[in-house]
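These notes concern the structure reproduced below.
The values are calculated or read from the model by the stated rules, or taken from the named source; none is laboratory data. Source: prediction; values computed, not measured. Positions of Cβ are backbone-derived with ideal geometry, glycine not excepted, and every protein chain shown enters the neighbour counts.
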Amino acid sequence: MCDRHDGGRVAVNPFDYVKAINEKRNIDNPSLYTPFLSNRAFSYHLDTILIANEMNKYPDLPSEVQFAFMNEAVRKGRRFSKWYKEDDPPNLELVMNYFGYNKQKALAALQVLTQENLRDIKKSLDTGGR
(Lines give C-alpha, C1' and ligand atoms only; values in the text may rest on other atoms or scores of the structure.)
Protein backbone atom coordinates (compact mmCIF):
# COMPACT_ATOMS: atom_id res chain seq x y z
CA MET A 1 0.00 0.00 0.00
CA CYS A 2 2.75 2.44 0.84
CA ASP A 3 5.40 3.24 -1.70
CA ARG A 4 8.11 5.06 0.22
CA HIS A 5 9.27 5.96 3.70
CA ASP A 6 10.28 9.50 4.69
CA GLY A 7 11.93 9.86 8.06
CA GLY A 8 9.76 7.28 9.81
CA ARG A 9 6.52 8.57 8.27
CA VAL A 10 4.87 6.49 5.61
CA ALA A 11 3.89 8.39 2.45
CA VAL A 12 0.84 7.02 0.65
CA ASN A 13 0.16 7.47 -3.03
CA PRO A 14 -3.42 8.81 -3.50
CA PHE A 15 -4.02 6.23 -6.21
CA ASP A 16 -3.36 3.43 -3.73
CA TYR A 17 -6.78 4.30 -2.32
CA VAL A 18 -8.39 3.99 -5.76
CA LYS A 19 -6.69 0.62 -6.16
CA ALA A 20 -7.87 -0.46 -2.71
CA ILE A 21 -11.47 0.48 -3.55
CA ASN A 22 -11.26 -1.39 -6.86
CA GLU A 23 -9.90 -4.46 -5.08
CA LYS A 24 -12.32 -4.13 -2.12
CA ARG A 25 -9.49 -3.88 0.43
CA ASN A 26 -9.45 -1.90 3.65
CA ILE A 27 -6.63 0.55 4.21
CA ASP A 28 -4.51 1.40 7.21
CA ASN A 29 -5.23 5.11 7.45
CA PRO A 30 -8.41 6.30 5.68
CA SER A 31 -7.94 9.81 7.09
CA LEU A 32 -5.26 10.41 4.40
CA TYR A 33 -7.77 9.54 1.65
CA THR A 34 -8.07 12.27 -1.02
CA PRO A 35 -11.69 12.29 -2.23
CA PHE A 36 -11.11 14.68 -5.13
CA LEU A 37 -8.56 12.47 -6.87
CA SER A 38 -10.51 9.29 -6.25
CA ASN A 39 -13.78 10.80 -7.45
CA ARG A 40 -12.06 12.05 -10.55
CA ALA A 41 -10.53 8.63 -11.23
CA PHE A 42 -13.90 6.92 -10.82
CA SER A 43 -15.67 9.52 -12.99
CA TYR A 44 -14.02 8.03 -16.11
CA HIS A 45 -15.96 4.75 -15.87
CA LEU A 46 -19.61 4.16 -16.72
CA ASP A 47 -20.23 1.91 -13.75
CA THR A 48 -18.79 4.34 -11.18
CA ILE A 49 -19.49 7.83 -12.52
CA LEU A 50 -22.77 8.22 -10.62
CA ILE A 51 -21.16 7.03 -7.39
CA ALA A 52 -18.33 9.54 -7.81
CA ASN A 53 -20.86 12.28 -8.53
CA GLU A 54 -22.77 11.39 -5.37
CA MET A 55 -19.60 11.86 -3.32
CA ASN A 56 -18.93 15.18 -5.06
CA LYS A 57 -22.24 16.42 -3.61
CA TYR A 58 -20.93 15.96 -0.06
CA PRO A 59 -17.38 17.36 0.04
CA ASP A 60 -17.66 18.19 3.76
CA LEU A 61 -17.96 14.55 4.84
CA PRO A 62 -14.87 13.24 6.64
CA SER A 63 -12.46 11.41 4.37
CA GLU A 64 -12.93 8.18 6.37
CA VAL A 65 -16.68 8.25 5.66
CA GLN A 66 -16.13 9.00 1.97
CA PHE A 67 -13.67 6.12 1.65
CA ALA A 68 -16.06 3.74 3.44
CA PHE A 69 -18.92 4.74 1.12
CA MET A 70 -16.81 4.32 -2.02
CA ASN A 71 -15.42 1.01 -0.79
CA GLU A 72 -18.94 -0.34 -0.25
CA ALA A 73 -20.62 1.20 -3.31
CA VAL A 74 -18.05 0.40 -6.01
CA ARG A 75 -18.07 -3.16 -7.30
CA LYS A 76 -14.80 -5.05 -7.39
CA GLY A 77 -13.11 -4.79 -10.76
CA ARG A 78 -10.15 -3.61 -12.78
CA ARG A 79 -10.50 -0.06 -14.03
CA PHE A 80 -7.92 1.96 -15.89
CA SER A 81 -8.24 4.98 -18.11
CA LYS A 82 -6.03 7.84 -19.19
CA TRP A 83 -6.93 11.13 -17.60
CA TYR A 84 -8.24 13.84 -19.88
CA LYS A 85 -5.68 16.49 -20.61
CA GLU A 86 -6.63 19.66 -22.42
CA ASP A 87 -4.62 20.27 -25.59
CA ASP A 88 -2.64 23.48 -25.76
CA PRO A 89 -3.31 25.93 -28.60
CA PRO A 90 -0.90 25.55 -31.53
CA ASN A 91 1.21 28.69 -30.97
CA LEU A 92 1.28 28.69 -27.18
CA GLU A 93 4.95 27.64 -26.85
CA LEU A 94 5.93 30.21 -29.46
CA VAL A 95 4.31 33.08 -27.52
CA MET A 96 5.67 31.80 -24.19
CA ASN A 97 9.24 31.73 -25.56
CA TYR A 98 9.05 35.05 -27.39
CA PHE A 99 7.58 37.14 -24.57
CA GLY A 100 8.84 35.07 -21.62
CA TYR A 101 5.26 34.63 -20.44
CA ASN A 102 3.84 31.89 -18.30
CA LYS A 103 1.05 29.74 -19.74
CA GLN A 104 -1.78 31.92 -18.44
CA LYS A 105 -0.36 35.16 -19.84
CA ALA A 106 0.49 33.49 -23.16
CA LEU A 107 -3.11 32.26 -23.50
CA ALA A 108 -4.32 35.83 -22.95
CA ALA A 109 -1.81 37.15 -25.51
CA LEU A 110 -3.00 34.61 -28.10
CA GLN A 111 -6.45 36.17 -27.86
CA VAL A 112 -5.18 39.50 -29.24
CA LEU A 113 -2.35 38.44 -31.56
CA THR A 114 -3.14 38.22 -35.26
CA GLN A 115 -1.86 35.59 -37.68
CA GLU A 116 0.52 38.21 -39.08
CA ASN A 117 1.89 38.86 -35.57
CA LEU A 118 2.42 35.15 -35.07
CA ARG A 119 4.25 34.85 -38.42
CA ASP A 120 6.56 37.74 -37.42
CA ILE A 121 7.24 36.12 -34.05
CA LYS A 122 7.98 32.79 -35.73
CA LYS A 123 10.43 34.51 -38.14
CA SER A 124 12.23 36.31 -35.32
CA LEU A 125 12.65 33.09 -33.33
CA ASP A 126 13.78 31.05 -36.35
CA THR A 127 17.45 30.22 -35.82
CA GLY A 128 17.82 28.21 -39.00
CA GLY A 129 18.94 24.64 -39.27
CA ARG A 130 16.59 21.73 -39.05
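Farther than 17 Å from residue 31 by Cα, without any contact (Cβ under 8 Å) to a residue 40 or more places away in the chain, surrounded by 13 or more Cβ atoms within 10 Å (Cβ to Cβ) and among the acidic types (Asp, Glu), is that true of residue 54? It is true that residue 54 is farther than 17 Å from residue 31 by Cα, without any contact (Cβ under 8 Å) to a residue 40 or more places away in the chain, surrounded by 13 or more Cβ atoms within 10 Å (Cβ to Cβ) and among the acidic types (Asp, Glu).
Just one of (1) hydrophobic (A, V, I, L, M, F, W, C); (2) crowded, with 16+ Cβ neighbours inside 10 Å; (3) within 29 Å of residue 40 (Cβ to Cβ); (4) not assigned by TED's automatic domain parsing to the domain that holds residue 16 fails for residue 83. It is (2).
Cβ-Cβ distances below 7 Å connect the following pairs, each with a first residue in the range 27-41 that is in contact (Cβ under 8 Å) with a residue 40 or more places away in the chain, a second residue that is assigned to a helix (DSSP H, G or I) and of a type in the set (Ser, Thr, Tyr), and a separation of six or more residues or different chains: 27/17. As a summary of the residue check, residue 118 satisfies the conditions (1) surrounded by 10 or more Cβ atoms within 10 Å (Cβ to Cβ); (2) under 25 Å from the mean Cα position of the chain (by Cα) except for the one numbered (2). Here the range 4-33 is the region considered, the condition is being among the β-branched types (Val, Ile, Thr) and surrounded by 15 or more Cβ atoms within 10 Å (Cβ to Cβ), and the residue that is modelled with the lowest pLDDT is 12. Kindly indicate whether residue 97 is without any contact (Cβ under 8 Å) to a residue 60 or more places away in the chain, surrounded by 11 or more Cβ atoms within 10 Å (Cβ to Cβ) and in the same structural domain as residue 17 (by TED's automatic domain parsing). No, not satisfied.
When you look at residue 112, is it modelled with pLDDT of 90 or more, surrounded by 12 or more Cβ atoms within 10 Å (Cβ to Cβ) and β-branched (Val, Ile, Thr), yes or no?
no
For the range 10-99, give me every one of the helices (runs of 4 or more DSSP H) that falls completely inside it and has 1 or more residues that are more than 30 Å from residue 124 (Cα to Cα) and hydrophobic (A, V, I, L, M, F, W, C). Let's see the steps before the verdict.
Numbers: elements: 14-23, 35-42, 49-56, 63-73, 92-99.
Where helices (runs of 4 or more DSSP H) fall fully within the range 10-99 and carry at least 1 residues being more than 30 Å from residue 124 (Cα to Cα) and hydrophobic (A, V, I, L, M, F, W, C), they are 14-23, 35-42, 49-56, 63-73.
Within the range 80-130, the residues that satisfy the criterion of being within 30 Å of residue 36 (Cα to Cα) and of a type in the set (Gly, Ala, Ser) are 81, 106, 108.
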